[in-house]
């Protein structure tokens, strides 16, 4: 048996409707925020960026737009449908060329 607390199912009929755009930069919106898992959606306007920073194991799935994601200095051209998996401790960041939206799932620890 598992020592977990039951969590109800969460349903988002349109994940993209959860995204908030802001002239001051990305405003990630949590879909899940618990001890072991964080899931956010975020959007960047053209030219906006997320500065390079180290982070936990994460999966980024791009929903719309075009940009560049860097992981430990390697640049990946990202478009809708692209997925980038980053190892624990990797330094990652991104810059939007067009309005860019993504979903990120990160380990909580």
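Cβ-Cβ below 7 Å, separation at least six or inter-chain, first residue in segment 77-98 and without any contact (Cβ under 8 Å) to a residue 24 or more places away in the chain, second crowded, with 19+ Cβ neighbours inside 10 Å and in a loop (DSSP other than H, G, I, E, B): which pairs? Correct list of pairs: 80/65.
Determine whether segment 26-34 contains at least one residue that is touching a residue at least 24 places away in the same chain (Cβ under 8 Å), assigned to a strand (DSSP E or B), in contact with a strand residue (DSSP E or B) (Cβ under 7 Å, 6 or more places away or on another chain) and surrounded by 18 or more Cβ atoms within 10 Å (Cβ to Cβ). No, that holds for no residue.
No other residue among 59, 84 is part of a strand (DSSP E or B), buried (at least 16 other Cβ atoms within 10 Å of the Cβ) and touching a strand residue (DSSP E or B) at 6+ places or on another chain (Cβ under 7 Å) apart from 84.
Which of the following residues is over 19 Å from residue 108 (Cα atoms), assigned to a strand (DSSP E or B) and more than 12 Å from the chain's Cα centre (by Cα): 77, 53? Before the answer, list the steps.
Details: 53 fails: over 19 Å from residue 108 (Cα atoms).
Residue meeting the stated conditions: 77.
Only one of the numbered conditions (1) farther than 16 Å from residue 108 by Cα; (2) within 13 Å of the chain's Cα centre (by Cα); (3) surrounded by fewer than 16 Cβ atoms within 10 Å (Cβ to Cβ) is not met by residue 37, and that is (1).
No value in this document is a laboratory result; all are computed from the given coordinates. Please read all numbers here as calculations on a predicted model, not as lab measurements. For neighbour counting, all protein chains shown are included, and Cβ atoms are generated from backbone atoms with ideal geometry for every residue, glycine included.
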